[in-house]
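Enquirer: Mind looking over this structure? Questions follow.
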Amino acid sequence: PVVLDATIRSGGANFAAGARHWLDDLGALIDRAGGARPRDGRAYLPGRDVAITPGRVVWRNALCELLQYEPTTAGVAREPILIVPSWIMKYYILDLQPHNSLIRFLVDAGYTVFAISWRNPGAESRDLGLDDYLRDGCLAALDAVRERCGEAVHAVGYCLGGTLLAIGAAALARDGRQHDALRSVTLLAAQTDFSEPGELGLFVDASELSALDALMWRQGYLDGSQMSATFELLNARDLIWSRMMSEYLLGKRTKPNDLMSWNADVTRMPYRMHTEYLKRLFLDNDLAAGRYCVDGRPVALSDIDVPMFVVGTERDHVSPWHSVYKLHLLTHNALTFVLTSGGHNAGIVSEPGHPGRHYRRATREPGAPYRSQHDFVNETRAVDGSWWTCWRDWLRAHGSGDVPARTPDAGLGAAPGAYVLET
């Protein structure tokens with residue numbers, strides 16, 4: 001009925017406009033299939049419109065860059081913050097525009113903030129594995145932050161970056177280095193138990209992994225556009241069918257925003273790393289089962305005893321909150337769990353003042369009995385507002401006072417750095 005009404009009112013102009021949109025999209029698809037460089041669908045460019053929080057690249061290796069941000073307060077918390085994003089996304093989802101940048105929010109709250117920016121791998125990186133991302137990415141960056149600040153770190157991991165951080169924290173605990181390196185661990189929409197992955201499980205089984213393995217073997221990597229198609233199908237009503245009706249039948253192009261532009265800035269994944277992730281974590285669930293090995297020896301999440309802050313989002317199609325919540329069964333430390341409104345991305349990018357946002361929060365003290373997801377929802381009051389302020393206060397409560405502001409050295413160039421601009 002909506003399309004019929006638009007057709008009558010416009011005399012069919014909606015179909016003419018929709019046909020032009022379809023032809024444009026078809027041309028881009030043909031270009032990509034032919035190996036041409038994809039058309040840049042980003043209306044917001046890093047360093048110009050987004051990822052503009054002032055900072056410097058203070059450390060770099062072949063896998064990632066480490067960004068340190070300029071302080072905006074005279075004093076800062078003694079313990080710095082290190083953000084470990086997922087390698088399937090550009091880090092600046094946490095540094096979009098100034099009003100919705102989590103990084104800027106933390107800097108303005110008086111923290112020394114560091115963030116990893118992963119390099120976009122090509123065929124030459126086909127043999128990089130999960131161990132490389134842990135050793136040369138997460139743990140190497142953690143060492144670089146500690147060297148600069150001389151303190152244990154509030155470590156933060158988003159999505160698969162959170163899974164990687166959890167593995168790293170367990171390895172540090174196993175090796176007796178946990179308390180020297182970590183003050184706390186925060187996991188944002190990050191799974192550690194993959195036994196109930198939600199709708200994503202429909203797309204990953206042994207046969208699908210074999211087909212994907214063959215594709216990645218030929219290319220040396222999984223292309224971002226190939227990966228994004230799966231995530232679109234997870235939320236097909238909003239990301240596929242509603243968009244098609246609007247753009248092709250109603251003739252209305254979706255007005256881009258910063259989050260959509262970030263989503264178009266696709267990344268690739270090395271052959272070996274993605275194969276190991278899907279098999280060892282997703283299919284075999286080695287981390288939750290205690291079989292995951294680092295440096296040839298297994299690690300256990302139950303060894304982690306620094307405080308944890310864990311965020312799940314109500315409408316997450318990538319990391320369902322029921323699955324994220326299962327970390328309660330794998331650990332015994334103090335764990336604060338927050339369930340916030342929104343999805344995998346919009347629920348995390350949920351700045352103060354964003355209308356219609358709410359969250360629930362509860363803390364499991366060490367040794368306390370397990371409380372089910374059902375009981376958590378029924379017994380925990382929803383609070384209007386952004387979970388960011390709740391987390392800021394939690395970080396302060398788990399800190400040890402302030403020190404004079406730390407200014408990054410000249411380093412290797414200004415943020416957002418070089419790696420984030422590679423396509």
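The values are calculated or read from the model by the stated rules, or taken from the named source; none is laboratory data. Here the structure is a predicted model, which is why all the values come from computation and not from measurement. Reconstructed Cβ throughout: ideal geometry from the backbone, glycine too, with neighbour counts over all protein chains shown. Surface accessibility is based on the protein's heavy atoms, side chains included, excluding ligands, DNA and RNA. Shrake-Rupley method; radii C 1.70, N 1.55, O 1.52, S 1.80 Å.
Enquirer: Taking the mean number of other Cβ atoms within 10 Å as a proxy for protection, how do you rank 181-190, 56-65 from highest to lowest? Write down the numbers at each step before the final one.
Expert: Numbers: 181-190: 25.5, 56-65: 19.7.
Ranking, from highest mean packing down: 181-190, 56-65.
Enquirer: Using a probe of 1.4 angstrom, how much of the accessible area of region 279-347 is carbon and sulfur, in percent? Can you show the working numbers first?
Expert: Working: 1180 of 2280 Å².
Carbon plus sulfur share of accessible area: 52 percent.
Enquirer: What relative contact order, as a whole-number percentage, does the chain give when Cα pairs under 8 Å and 6 or more residues apart are counted?
Expert: Numbers: 854 pairs, mean separation 103.4, N = 423.
That works out to 24 percent.
Enquirer: Right, next: What ranking do 20-30, 352-362 get when scored by the average of other Cβ atoms within 10 Å per residue, highest first? Mind showing how you got there, number by number?
Expert: Details: 20-30: 12.7, 352-362: 15.5.
Highest mean packing first, the order is 352-362, 20-30.
Enquirer: On C-alpha positions alone, give me the angle between the axis of helix 206-219 and the longest principal axis of the chain, in degrees, nearest 10.
Expert: 80 degrees
Enquirer: Once you list every other residue whose beta carbon is under 13 Å from the beta carbon of Thr163, what net charge do they have if Lys and Arg are +1 and Asp and Glu are -1?
Expert: Values: positive: Arg280, Lys326; negative: Asp193, Glu276, Asp286.
In short, -1.
Enquirer: Right, something else. Enumerate the calculated ³J(HN,Hα) couplings along region 134-143 in order (Karplus 6.51 cos²θ - 1.76 cosθ + 1.60, θ = phi - 60°), each rounded to whole Hz, writing x wherever the residue is Gly or Pro.
Expert: 6, 6, 8, x, 4, 6, 5, 5, 4, 5
Enquirer: Let me ask something else. Compare the peptides 376-387, 332-343 by average per-residue count of other Cβ atoms within 10 angstrom and give them in order, highest first. Please list the in-between numbers first.
Expert: Numbers: 376-387: 14.7, 332-343: 21.2.
Averaged packing, sorted descending, gives the order 332-343, 376-387.
Enquirer: For Gln191, what charge total do you get from the other residues with a beta carbon under 10 Å from its beta carbon, if Lys and Arg give +1 and Asp and Glu give -1?
Expert: Numbers: positive: Lys326; negative: Asp193, Glu196, Asp316.
Within the 10 Å Cβ shell, the charges total -2.
Enquirer: Taking every DSSP beta bridge with both residues inside the chain, roughly what % is antiparallel (nearest 5)?
Expert: Counting only bridges with both partners in the chain, antiparallel ones make up about 50 percent.
Enquirer: Please list, ordered by chain and number, the residues whose modelled amide H lies under 5 Å from the amide H of Leu128; skip anything fewer than 5 residues away on the same chain.
Expert: Amide H neighbours of Leu128: Arg272, Met273.
Enquirer: Given the pairs Lys90/Lys279; Lys252/Lys326; Lys279/Lys326; Lys255/Lys279, which span a C-alpha to C-alpha distance of over 31 angstrom in this model? Walk me through the numbers on the way to the answer.
Expert: Numbers: Lys90/Lys279 24 Å; Lys252/Lys326 42 Å; Lys279/Lys326 20 Å; Lys255/Lys279 38 Å.
Listed pairs above 31 Å: Lys252/Lys326; Lys255/Lys279.
Enquirer: Let a ≥ b ≥ c be the square roots of the eigenvalues of the Cα gyration tensor of the chain; is it rounded (a/c under 1.5), or, if not, prolate (a/b larger than b/c) or oblate?
Expert: Details: a/c = 1.44, a/b = 1.42, b/c = 1.01.
Rounded, since a/c falls under 1.5.
Enquirer: Testing the spin-label approximation: label points 7 Å from Cα along Cα→Cβ at Arg126 and Ala414. State their distance in nm.
Expert: 3.9 nm
Enquirer: If amide hydrogens are placed 1.01 Å from N in the peptide plane, which non-local residues have theirs closer than 5 Å to the one on Asn257?
Expert: Counting only residues 5 or more places away or on other chains, the set is empty.
Enquirer: A further question on this structure: Suppose R0 equals 35 Å. What FRET efficiency, 1/(1 + (r/R0)^6) with r the Cβ-Cβ distance, do Asn378 and His354 give to the nearest 0.05?
Expert: 0.85
Enquirer: Quick check: the angle from helix 224-234's long axis to the longest principal axis of the chain, C-alpha only, nearest 10 degrees?
Expert: Compared with the principal axis, the helix lies near 90 degrees.
Enquirer: Now, a different point. Within region 394-423, what residues put their amide N at less than 17 Å from the label point 7 Å along the Cα-to-Cβ vector of Leu45?
Expert: Correct set: 414-423.
Enquirer: Also, I was wondering about something else. Using 7 Å Cα-to-Cβ label points, what is the Lys252/His332 separation (nm, one decimal)?
Expert: 5.6 nm
Enquirer: Can you give me the angle between helix 160-174 and the longest principal axis of the chain, using Cα atoms only, in degrees from 0 to 90, rounded to the nearest 10?
Expert: 20 degrees
Enquirer: Further, regarding this structure: As a check on your grasp of the helix formula, calculate [θ] at 222 nm for the chain: sum -39500 (n - 2.57) over DSSP H runs of n ≥ 4, divide by the residue count, round to the nearest 500. Working shown, then result.
Expert: On the way: 15 runs with 134 residues, N = 423.
Helix contribution divided over all residues of the chain: -9000 deg cm²/dmol.
Enquirer: Pull out a ≥ b ≥ c, the square roots of the eigenvalues of the alpha-carbon gyration tensor of region 361-423, then state rounded if a/c is under 1.5, prolate if not and a/b is larger than b/c, and oblate in the remaining case.
Expert: Working: a/c = 2.91, a/b = 1.95, b/c = 1.49.
Taking the square roots of the gyration eigenvalues as a ≥ b ≥ c, region 361-423 is prolate.
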